[in-house]
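Data block below; observations after.
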Amino acid sequence: MVILYILLAVLILMFMIMIHELGHYLAGKILKFKIEEFSIGMGPAIFSKKMKSGEIFSLRWIPLGGYCAFKGEDEEEEDEEGKVVEGTFNSYACWKRIIVLIAGALFNFVSGIIFVFVLLLSVGSGIVKINDVVATNENKNLLFKNDIILEVDGVEPTFLNGGIVGLMADKDVGEEIVLTINRDGEIVDVVVKKYQQYQLDEEGNEVLDDDGNPIVIGKVLGIQTEYVKLRFGEAILKCVPYTFKMAWECLVILGQLVTGQIGLESVGGPITTVQTIVTTTQASMKNLLLLFPLLAVNLAVFNILPIPALDGARVVFVLIEWIFKKPVPRDIEAKIHSVGLMVLFGLVIVIDLLHLFLF
């Protein structure tokens with residue numbers, strides 16, 4: 001069964017890569033670029049077919065990436081007069097090349113919006129409704145079935161901030177928590193407090209430890225909740241800002257990683273990503289609806305960063321050429337991207353090994 005989940009995770013990862021490369025491909029086709037190969041995966045080809053147009057479509061063994069290869073993209077092709085050969089990637093106008101380069105990330109981001117829309121319709125945004133109140137609940141006279149929790153201390157619960165559990169994680173027993181609630185159409189603020197939840201035996205009596213003290217199993221509000229699905233119109237209005245919030249959270253995490261506020265255990269390479277997908281889908285297939293937009297937006301944000309070998313860095317080089325009317329020597333640019341690619345591969349391998357053996 002685990003093998004099936006792993007296979008599903010790999011297929012999801014390859015699907016995200018395909019969306020990215022499809023963006024490059026379609027932008028290239030619209031702008032009349034000459035495309036040599038469209039490939040999903042790296043390494044030896046499992047399947048390869050050459051079309052009448054000369055384009056090659058490939059599926060390769062290693063699901064660590066993919067590419068849309070344009071004619072003359074990685075090296076300068078010049079004619080006898082020293083001019084860039086017509087039809088090669090660098091012979092096109094700078095603005096056209098920039099559109100093609102950012103199209104992959106743009107497709108990932110747009111797909112993220114679509115995935116978020118589906119998430120909001122089928123699961124919700126993170127806002128919950130109370131569907132049961134524990135009889136011994138110390139908040140039983142404050143919280144009622146069908147109450148919809150809109151805010152926790154003035155902050156709307158979302159999947160991005162951990163929902164009501166995440167927003168109340170640092171609250172201790174007896175500490176006041178202000179919940180903004182929709183109760184039958186009326187918006188009210190209710191002040192509640194967490195209380196100790198103890199382990200009970202089959203007869204409902206508290207289980208004691210070796211010292212005779214009740215065994216604490218959690219600090220709770222004493223409610224059971226379910227996510228509130230959004231209506232079609234609400235999902236349409238919220239899907240775009242929700243996706244931008246996801247993108248911003250990705251940037252915040254990257255910033256915290258660079259400044260040392262978080263460690264490498266908070267990020268992962270392809271193997272760690274596959275493990276996360278497997279674990280999440282085993283817990284609940286509904287979690288896939290959250291993973292899809294997260295993966296899509298993460299891929300969009302990461303690829304647009306100005307890191308050598310990524311689309312963002314290639315855009316920077318084209319902008320330099322556009323501004324100064326002269327490109328950075330192609331051989332120097334190629335070396336920069338090659339070194340960047342090796343560093344990236346080395347980094348993700350190290351991170352994945354750390355996750356496998358240390359974290």
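Of the residues making up the stretch 310-346, those that are in contact (Cβ under 8 Å) with a residue 60 or more places away in the chain and either of a type in the set (A, V, I, L, M) or outside any helix (DSSP H, G or I) (or both) are 315, 318, 319, 327, 334. Do we have residue 313 as among the small types (Gly, Ala, Ser), in contact with a Gly (Cβ under 8 Å, 6 or more places away or on another chain), at pLDDT 90 or above and within 23 Å of residue 72 (Cβ to Cβ) here? Spelling it out, residue 313 is indeed among the small types (Gly, Ala, Ser), in contact with a Gly (Cβ under 8 Å, 6 or more places away or on another chain), at pLDDT 90 or above and within 23 Å of residue 72 (Cβ to Cβ).
The number of residues in the stretch 1-38 that are under 16 Å from residue 57 (Cα atoms) and of a type in the set (Val, Ile, Thr) comes to 3. Here is a list: 251, 167. Which entry is closer than 21 Å to residue 147 by Cα and either at pLDDT 85 or above or polar (S, T, N, Q) (or both)? From the options 251, 167, the qualifying one is 167.
Here is a yes/no grid of residues against (1) surrounded by fewer than 18 Cβ atoms within 10 Å (Cβ to Cβ); (2) farther than 27 Å from residue 302 by Cβ:
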{"residue": "88", "(1), (2)": "no, yes"}
{"residue": "102", "(1), (2)": "no, no"}
{"residue": "110", "(1), (2)": "yes, no"}
{"residue": "114", "(1), (2)": "yes, no"}
{"residue": "118", "(1), (2)": "yes, no"}
{"residue": "125", "(1), (2)": "no, no"}
{"residue": "128", "(1), (2)": "no, yes"}
{"residue": "131", "(1), (2)": "yes, yes"}
{"residue": "139", "(1), (2)": "no, yes"}
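The residue pairs whose first member lies in the stretch 140-154 and is farther than 12 Å from residue 188 by Cα, whose second member is surrounded by 13 or more Cβ atoms within 10 Å (Cβ to Cβ) and polar (S, T, N, Q), and whose beta carbons are closer than 7 Å, counting only pairs six or more residues apart or on different chains, do not exist in this structure. Against the criterion of being touching a helix residue (DSSP H, G or I) at 6+ places or on another chain (Cβ under 7 Å), within 30 Å of residue 237 (Cβ to Cβ) and not in a strand (DSSP E or B), residue 115 qualifies.
If I filter the stretch 172-192 down to residues being assigned to a strand (DSSP E or B) and of a type in the set (D, E, K, R), which single residue comes out as farthest from residue 228 (Cα to Cα)? Restricting to residues being assigned to a strand (DSSP E or B) and of a type in the set (D, E, K, R), the top hit is 176. May I ask you to list the residues in the stretch 38-61 that are of a type in the set (S, T, N, Q) and surrounded by 11 or more Cβ atoms within 10 Å (Cβ to Cβ)? Residues satisfying the conditions are 39, 48, 58.
The values are calculated or read from the model by the stated rules, or taken from the named source; none is laboratory data. Small disclaimer: the values here were computed from a predicted structure and weren't measured. Neighbour counts are summed over all protein chains in view; Cβ atoms, including those assigned to glycine, are modelled from backbone coordinates with ideal geometry.
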